[in-house]
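Here's a structure for you.
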Amino acid sequence: MTEERVGELIDTVAWVLIVEGRILCARPRGKDVFFIPGGKREPGETDRQTLLREVTEELTVTLLPGTVEPVGVYEALDGAALVRMSCYRADYHGTLTASSEIAELAWFGYGDRPRVPPVDRLLFDELHAAGLLP
């Protein structure tokens, strides 16, 4: 019997923005895959602090802290790493614009599911089942 070992845990926070049945995704510079906007926490940061910082860094908008609400936590293997993605909804102020670290923004429907990593696909599945991502 072979036991599969999980390498590192990648703990991320993501912002779920759905408009007219499509979810906002971002492709970082130098990568081919799209992700739900967000990122890894800095030492000592809470989920909310990470979310606010990452979204501003990536999309040049400001999330309104009082509107942050949890969506869910998803975990999936991606290679040897276990990726945990804590997802939140929140209202924002400003104009969505890709920062220097983001090559492209896109609005995805459920049919675009193969273009995102395994952990993001779990979120897509749940949103699709709820009728939020046709």
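Using Cα atoms only, what is the angle between the long axis of helix 118-129 and the major principal axis of the chain, expressed in degrees (0 to 90) to the nearest 10?
Taking Cα atoms only, the helix is inclined about 60 degrees.
Would you mind ranking Phe124, Phe108 by Cβ crowding within 10 Å, fewest neighbours first?
Ranked by crowding around the Cβ, least crowded first: Phe108, Phe124.
Angle between the Cα long axis of helix 47-59 and the longest principal axis of the chain, 0 to 90 degrees, nearest 10?
Compared with the principal axis, the helix lies near 70 degrees.
For Val116, Val19, Val13, what's the fewest-to-most ordering of other Cβ within 10 Å of each Cβ?
Going from sparsest to densest Cβ surroundings: Val19, Val116, Val13.
In addition: Taking all pairs of different Cα atoms in the chain, averaging 1/r and flipping that mean, what Kirkwood radius in angstroms comes out?
One decimal place: 15.2 Å for the Kirkwood radius.
Additional query: Taking the Cβ of each residue in Leu24, Leu123 as the centre, tally the other Cβ atoms inside 10 Å and list the residues starting with the fewest.
Placing the least packed residue first, the sequence is Leu24, Leu123.
List the trypsin sites (Lys or Arg not before Pro) within segment 1-104 that fall in a DSSP loop (any state other than H, G, I, E or B) and whose Cβ has at most 14 other Cβ atoms within 10 Å.
Arg5, Arg29, Lys31
Let me know the charge dipole size of segment 37-122 about its Cα centre in debye, to the nearest 20, where only the beta-carbon of Lys, Arg (+1) and Asp, Glu (-1) is charged.
Here the size comes out at about 200 debye.
Summarise the long-distance tail of P(r) for segment 72-134 by giving the % of C-alpha pairs beyond 17 Å.
Within segment 72-134, distances greater than 17 Å cover 55 percent of Cα pairs.
FYI, it's all coordinate maths here, none of it is from the lab. On a predicted model such as this, the values are computed, not experimentally measured, just so you know. No Cβ is skipped: glycine too gets one built from the backbone with ideal geometry, and neighbour counts run over all protein chains shown.
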